[in-house]
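Each remark here refers to the structure printed beneath this line.
The values are calculated or read from the model by the stated rules, or taken from the named source; none is laboratory data. No experiment lies behind these values; they were computed from the predicted model shown. When we count neighbours, we look across all protein chains shown, and the Cβ atoms used for this are built from the backbone with ideal geometry, even at glycine.
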Ligand SMILES: C[S@@+](CC[C@H](N)C(=O)[O-])C[C@H]1O[C@@H](n2cnc3c(N)ncnc32)[C@H](O)[C@@H]1O
């Protein structure tokens with residue numbers, strides 16, 4: 001083997017091992033919370049266990065929509081990192097003023113399943129939701145009463161800061177740790193890290209679990225804990 005080839009193979013192996021180590025350390029912190037891990041976090045210990053939950057992850061928008069409309073008064077809501085905008089669309093259908101804030105502009109899906117009526121509903125190609133095509137920044141929060149962020153990147157910590165400084169309630173469904181200015185302590189789950197960060201800012205955290213498989217824990221975070 002030539003020296004150059006040997007060097008290249010060594011570099012490839014090093015790259016592969018560092019990527020693997022990165023993936024392992026990240027999944028330890030932000031993989032779906034196991035029942036055993038949840039039991040060690042006081043506020044999460046009483047949530048129903050994930051294995052009792054039956055719905056598929058693709059129904060998360062309908063389930064979060066149902067939770068929001070049944071717990072909160074109608075208002076102006078931002079779906080931060082809202083992707084295709086189905087949650088904002090469903091909230092709009094329920095009378096909310098809903099806007100997606102996401103640096104990537106995407107079109108609404110053409111259909112979704114109404115879980116109450118158990119039937120497929122088409123979304124006309126002419127339907128839209130308001131979209132702010134920018135990464136989230138605190139000043140964007142000013143025009144909203146509630147900020148929601150499901151499985152979004154780069155905005156969980158910023159949204160907690162917004163809740164602390166503006167008093168506006170937020171809902172987070174944390175997923176991967178991507179583009180965040182904060183990392184969990186060794187052995188700490190990302191959700192526990194975010195809860196601790198919010199509590200250190202005198203915010204009240206009310207966790208809930210939605211009925212879908214995967215990263216289904218939501219955190220309602222506000223200054224007074226009132227829903
Ligand atoms: C995993 S997707 C989740 C989308 C949707 N909420 C869902 O549950 O399917 C993450 C989203 O975060 C958006 N995103 C990435 N960085 C962002 C930022 N700085 N501010 C707001 N959204 C961001 C991405 O464009 C993407 O749509």
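Among the residues that make up the stretch 29-39, is at least one of them within 14 Å of the chain's Cα centre (by Cα) and either at pLDDT 90 or above or under 19 Å from residue 116 (Cα atoms) (or both)?
no
Does residue 100 satisfy the criteria of being touching a helix residue (DSSP H, G or I) at 6+ places or on another chain (Cβ under 9 Å), closer than 18 Å to residue 172 by Cα and touching a residue at least 40 places away in the same chain (Cβ under 8 Å)?
For residue 100, the condition - touching a helix residue (DSSP H, G or I) at 6+ places or on another chain (Cβ under 9 Å), closer than 18 Å to residue 172 by Cα and touching a residue at least 40 places away in the same chain (Cβ under 8 Å) - is not met.
Just to be sure, is residue 51 surrounded by fewer than 10 Cβ atoms within 10 Å (Cβ to Cβ), part of a helix (DSSP H, G or I), modelled with pLDDT under 95 and in the same structural domain as residue 174 (by TED's automatic domain parsing)?
yes
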